[in-house]
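Peer 1: I have a structure I would like to understand better, so I am pasting it below and will then ask my questions one at a time.
The values are calculated or read from the model by the stated rules, or taken from the named source; none is laboratory data. Nothing here was measured: the structure is a model prediction, and the numbers come from that model. FYI the Cβ positions are ideal-geometry reconstructions off the backbone, even for glycines, and counts take in every protein chain you see.
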Amino acid sequence: MRPSYLNFDAAAYAWRPDIDYRAHPEAYRVGKGEQGVLICEPYKSELVPHWRFRTPDIARESSAALYQMFLEYLEAGEFVGADMARKFLQMGFTRARRYANYRGGRKYAKGDYHVLEKGTGDPAKAESAAIFYEVWQRAEAHPNYAARKAAWKACHG
């Protein structure tokens, strides 16, 4: 069974690397999960330098910085930035979990793409994942964010 990302259709993808989402926030779509997180500029470039999960201490520092940026974007009325910061928190959780589950973070083998053995990863990454999960859930539950997200999805998708 081949991973679904090998059949990716770029033309049908809602997020574009050539759009400045600060200048054109109306082009942004919330989407599912982490969609668009590594595409939407200038937010991606502002958030990526703070996204780290190698150790629990680094994850604590990273998630705190990303959450602070999340709050700053909300305060500035930049929903797109706040949603992107939330996505980076979610991605901190999912990537750390991947590295906790699979040695080197690889779920599929090169070549034949069979699923590799689970439980071979780094146990410290599980703690990093838990740190990101708590902060991600705090961001999701933030009343201002939740209201803006619902309104955004109703208006823009």
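Peer 1: So how many residues does the range 119-133 have that are touching a helix residue (DSSP H, G or I) at 6+ places or on another chain (Cβ under 6 Å) and not in a helix (DSSP H, G or I)?
Peer 2: 3
Peer 1: Tally the residues that are of a type in the set (Val, Ile, Thr) and crowded, with 18+ Cβ neighbours inside 10 Å, restricting the search to the range 117-134.
Peer 2: Number satisfying all stated conditions: 1.
Peer 1: If you check Arg16, Arg22, which single one turns out to be more than 12 Å from the chain's Cα centre (by Cα), within 21 Å of Arg86 (Cβ to Cβ), basic (Lys, Arg) and at pLDDT 95 or above?
Peer 2: Arg22 is the lone residue from the list that is more than 12 Å from the chain's Cα centre (by Cα), within 21 Å of Arg86 (Cβ to Cβ), basic (Lys, Arg) and at pLDDT 95 or above.
Residue-by-condition table, conditions (1) touching a residue at least 24 places away in the same chain (Cβ under 8 Å); (2) surrounded by 14 or more Cβ atoms within 10 Å (Cβ to Cβ); (3) closer than 19 Å to Ala129 by Cα; (4) touching a Gly at 6+ places or on another chain (Cβ under 9 Å):
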site	(1), (2), (3), (4)
Ala12	no, no, no, no
Asp20	no, no, no, no
Ala27	no, yes, no, no
Val30	yes, yes, no, yes
Gly33	yes, no, yes, no
Ile39	yes, yes, no, no
Glu46	yes, yes, no, yes
Pro49	no, no, yes, no
Pro56	yes, yes, yes, no
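Peer 1: Within the range 93-115, restricting attention to residues that are in a loop (DSSP other than H, G, I, E, B) and either acidic (Asp, Glu) or crowded, with 16+ Cβ neighbours inside 10 Å (or both), which residue is modelled with the lowest pLDDT?
Peer 2: Asp112
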